[in-house]
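Down below is the structure, laid out as structure tokens.
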Amino acid sequence: MMQEPNGVLIVNKHAGVTSHHIVNVVRRLYNTRRVGHAGTLDPMATGVLVVLIGRAAKASEYLSHDAKHYRATLRLGLTTDTEDTTGAVLTTSENIPSFEELQAILPRFRGKILQTPPMYSALKVDGQKLVDLARRGEVIEREAREIEIFSLDATPTDNKCEYILDVHCSGGTYIRTLCADIGAALSCGGAMASLERGEACGFDLSIARTLEEIEAMTEEERLHLLIPTQRLFADLPTVRLSAFFEKLSRSGCEIYLKKIGVDLPLGTRVAMCDQGGAFFALGEVGEFKGGVAVKAIKMFVL
């Protein structure tokens, strides 16, 4: 009988399906309901979808701000209601700017900027998804959020209306909206014509597998694909605890840093490990009655 699966599966999502569809297929293949993902991809998008299986599914809420790499096609000269080329066309323009003009405005989209989430998104307002409201023809005010574009470069294509954008950005960035905002800045309109996510949560396409490949595997091969949950937190400091302090931590107690000889700033997230280095929980440093301590905020290994 197949053992209870736990870990991270990197799927190379194909176009034309939702991220939820991928999750449902993985549930069937791994025979578990406990499956989530770290960041939705639109149906038209392809590339890295980080699927979280078993106890790893509890990590999703802590990964939303993870940096990602995208390769997108920006099509200038039109706007749509979805900000991509699958939507209804709202405006068109034949006044297509030059590559030099595009290059000139890109700096304003690099660094920390404010971005207003699109109506066609999975974000919830008062318990309702924006996309559900949009499909009913409703448009509501959305609050702009700070995102960060670490790098943004454009490459011309054979089509004078289309450019390839290479984007390295913070989690929560909408590439559709970036395309629309660039088009607005150029006064001709813009929409996203294609999107591939090349990297997310530190995992890239080189280790991603298509659903077709995963379905063709044996149960043992599928289990072998799973990456340990700890890899999701590879960029965090590690706090290694003796058996005594591990037991206290697992019981919900805070562990005072002075007692374990560790010095970390308040608010630091850490990967908590046993004395052998095996990861068991995500922790956070805080101020308690007895001083600065680390406390487990999510247990991943029982």
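Amide H contacts under 5 Å for residue 116: 145, restricted to partners 5 or more places along the chain or on a different chain, H placed in the peptide plane at 1.01 Å from N.
Would you mind giving the three semi-axes, in whole Å and largest first, of the ellipsoid equivalent to the chain according to its Cα gyration tensor? Intermediate values should be presented prior to the final figure.
On the way: eigenvalues 312, 113, 60 Å².
Over the Cα atoms of the chain, the semi-axes work out to 39, 24, 17 Å.
Here's how it looks for residue 125: its modeled amide H is under 5 Å from those of 130, which are all 5 or more places away or on a different chain. For a paramagnetic label modelled on residue 184 (point 7 Å from Cα along Cα→Cβ), amide N atoms under 17 Å away belong, within segment 140-161, to 140-149. As a fraction of the 1.4 Å probe accessible area of segment 1-86, surface on carbon and sulfur atoms comes out at 48 percent. Counting only lysines at least 8 places from residue 289 when in the same chain, those with an alpha carbon closer than 29 Å to its own are 58, 247, 258, 259, 298.
Computed from backbone phi with θ = phi - 60° and the Karplus coefficients 6.51, -1.76 and 1.60, the 3J(HN,Hα) list for segment 7-16 is x, 10, 10, 9, 9, 8, 5, 9, 6, x Hz; x is used for glycine and proline. Largest first, the residues 165, 225 sort by 1.4 Å accessible area into 225, 165.
P(r) tail, segment 81-204: Cα-Cα pairs separated by more than 20 Å, 47% of all pairs. Only the Cβ atoms of Lys and Arg (+1) and of Asp and Glu (-1) were treated as charged; on that basis the dipole of segment 113-217 about its Cα centre amounts to roughly 400 debye. The calculated FRET efficiency for the pair residue 106 and residue 143, based on their C-beta separation and a Förster distance of 25 Å, comes to about 0.50. Calculate the length of the line joining the C-alpha centroid of segment 54-97 to that of segment 139-165, in whole Å. First find each Cα centre; the distance between them is then 8 Å. Across all C-alpha atoms in segment 146-302, the radius of gyration and Dmax reach 22.2, 66 Å. Under 18 Å from a label point set 7 Å out along the Cα-to-Cβ vector of residue 259, the amide N atoms of segment 283-301 belong to 283-297.
Per residue, what accessible area does segment 91-217 have, given a 1.4 Å probe and all protein chains present, in Å²? Show your work: numbers first, answer last.
Working: 6590 Å² over 127 residues.
Computed with neighbouring chains in place, this is 52 Å² per residue.
Here segment 39-152 was treated as a single set of alpha-carbon atoms; its pair distances binned every 5 Å from 0 give 2, 8, 13, 18, 22, 19, 10, 4, 2, 1, 0 percent. Counted over all Cα-Cα pairs of segment 151-239, pairs farther apart than 16 Å make up 68 percent. For segment 132-190, the convex hull spanned by the alpha carbon atoms encloses 128 Å³ per residue. Over 21 Å apart: what share of the alpha carbon pairs of segment 209-302 falls there, rounded to a whole percent? Across segment 209-302, Cα pairs with separations above 21 Å total 39 percent. Distance between the 7 Å Cα→Cβ label points at residue 90 and residue 166: 3.1 nm.
In this structure, residue 244 and residue 61 have a Cβ-Cβ separation that, at R0 = 22 Å, corresponds to a calculated FRET efficiency of about 0.15.
Roughly what % of DSSP beta bridges within the chain run antiparallel, to the nearest 5? Taking every DSSP beta bridge within the chain, about 90 percent pair in antiparallel fashion. Rounded to whole numbers, the Karplus 3J(HN,Hα) couplings from phi for segment 223-232 are 4, 5, 6, 5, 9, x, 4, 4, 4, 5 Hz, using 6.51 cos²θ - 1.76 cosθ + 1.60 with θ = phi - 60°, and x at Gly and Pro.
A cut-off of 5 Å between modelled amide H atoms, ignoring neighbours fewer than 5 places along the same chain, links residue 46 with 195, 196, 197.
The values are calculated or read from the model by the stated rules, or taken from the named source; none is laboratory data. Just so it is clear, the structure is predicted and the values come from calculations on it, not from any experiment. No Cβ is skipped: glycine too gets one built from the backbone with ideal geometry, and neighbour counts run over all protein chains shown. For the accessible areas, the whole protein counts, side chains as well, though only heavy atoms, and no ligand, DNA or RNA atoms are used. Shrake-Rupley method; radii C 1.70, N 1.55, O 1.52, S 1.80 Å.
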